[in-house]
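Written out below as structure tokens is the structure these notes cover.
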Amino acid sequence: MPKKNTLSPVSQELYSFLIKYYSFNAPLLLAFSKGIDSLSLLLALKEIQIKVRSDLDFHVAHVNHNWRESSKKEAKEIGDYVEKQGLTFHCYHIENELPKGNQENESRIIRQQFFNELKKDHAFEAVLLGHQKEDQVETILKRIFEGSIDSIKGIQEEKCLNNLLYWRPFLKISKKVLEKYCLEQKEEALLDPSNEDLQYLRVRFRKKMLPFLEESFGKGIQNNILALTEEVIELQNFVSLSAESYRKNIKFFPTGRIIQFPLETPVPVLKLLIKELWKEKEQILNRSQVKELIGYLLEKKTHKTFSWGEGMAYFDRACLFLPSICFKDFSVFDYEIGFQGERGRWKMLKEQNQQSSLGWEDLLKGFISLPFESDKKGRICSLRNLEIDVEKKKIKEKLSKMKCPQWLWEFVPVFYESSKKAELLLNARAECFSKWRLFSLSLGKG
């Protein structure tokens, strides 16, 4: 039952955050190092618990990275302090030495894994982290210098990682305010020597870059950086909203997805959609790659490909196709009269119905029905494997009239009986059905 609110400003900030996000129906987990930030969080949580919400339940977790000889001793002191507060304490010790040069990232991964394991047993609603205003400014500056507008929004106050929520309620509070709060509570934070070590980029930002900028431009620079970030986020949201109508142009097929970009598509929208499409394939494009792909679309390049690892994308006249199968795998196979079965990616079955689907888009659906003469005997292959140059030229002319994208030309199915004549197994006339059997040709998994 809520009590009368007599909270300190820091605790009030935290309480307002919890009212916004927290259900008060499950425990929270506080990531704790006993530094100023996490100590302030613990004290504020206790204050809320005592003065306002006795139903607020939280545990405390600490990860001992073993970076210093004193690490185990500090972990013991932290555990004793937490238990003295009457709180449940969880501690994990990293025993193996982490790779140098990537210790912070590796440690972050281990912490997240530890928190996820704890969630399995205690069903925590979220993990509370003590990042504050200076952390936010440092992060934004770093990303500005990296030229990364996508992540210039900085640290998010709520983020979900591996099905676990992470909350950062102090992003608008300065470290000085938190230091004052701990002093008022007569609590002393544990000093972490790594926060003074200039080998870490975050420390160099805090100790050198920010003081220089504040001295050069004035003390209000941190608020200006945060205000700039808010405006960038507003613009990003606007671009994302503008992109919604273009997302509707994406056509999904069993073989992949295709999107036709209108000529008036704004560059920021192109950039956003390209990044989204590649992110779905777990690929992060660098700046030059994004610029290259946007160029293909704006200049309506024909028959352009872009590859990465085992992936391939095709561009043709402001049209982009991202396949989910490898079109290069379509093999040649000999067709005998009455054959039903599969060879490589091709599957062929006799159909009882009289429906046909014969356009190039039907090939992307992974399944086409087509009229086929009963007494024919020969080979079926992709156009790229056809060795009759004259016939290949004629078929390409037909495909051009059908407005089939050039990148697909090489992969359309072709039938040939001899070394002189070949037929395109798309766009057949309806009257052919009177004398031909109807077969289905599908693109299997191979």
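Just so you know, all these numbers are worked out from the coordinates, no wet-lab data involved. Owing to the predicted nature of the structure, the values given are computational and were not obtained by experimental measurement. All Cβ positions, glycine included, derive from the backbone under ideal geometry; neighbour counts span all protein chains shown.
Exposure proxy shown here: for GLU158, GLU230, the number of other Cβ atoms within 10 Å sets the order, fewest to most, as GLU230, GLU158. Extension gain for LYS207-ASP150 works out to 17.9 nm (0.36 nm per residue, less the C-alpha to C-alpha distance).
Between Rg and the Kirkwood Rh of segment 237-323, both from Cα atoms, what is the Rg to Rh ratio? On the Cα set of segment 237-323, Rg over Rh gives 0.92. Extension gain for GLN199-SER324 works out to 40.6 nm (0.36 nm per residue, less the C-alpha to C-alpha distance). Quick check on the exposure proxy: order HIS93, HIS122 from fewest to most C-beta atoms within 10 angstrom. Starting with the residue having the fewest Cβ neighbours, the order is HIS93, HIS122. How many angstrom lie between the C-alpha centres of segment 164-205 and segment 9-81? Spelled out, the Cα-based centre of one part sits 13 Å from the other.
Between LYS279 and LEU228, the modelled label-to-label distance comes to 2.3 nm, taking each label 7 Å out from Cα in the direction of the beta carbon. Label-to-label distance, ARG287 versus THR305, with points set 7 angstrom from Cα along the beta-carbon direction: 3.0 nm.
The simple Förster model, with R0 at 56 Å and r as the Cβ-Cβ distance, assigns ILE294 and THR6 a FRET efficiency of 0.50.
At an R0 of 25 angstrom, the distance between the Cβ atoms of MET402 and VAL239 translates into a FRET efficiency of 0.10. Exposure proxy for TYR21, TYR92, TYR296: other Cβ atoms within 10 Å of each Cβ, ordered fewest to most, give TYR21, TYR92, TYR296.
Projecting the Cα atoms of LEU87, ALA189, VAL10 onto the dipole axis of segment 9-217, where Lys and Arg carry +1 and Asp and Glu carry -1 at the beta carbon, places VAL10 farthest toward the positive end.
Pop the C-beta distance of GLN113 and ASN385 into the FRET formula with R0 = 60 Å and round what comes out to the nearest 0.05. E(calc), rounded to 0.05, equals 0.75.
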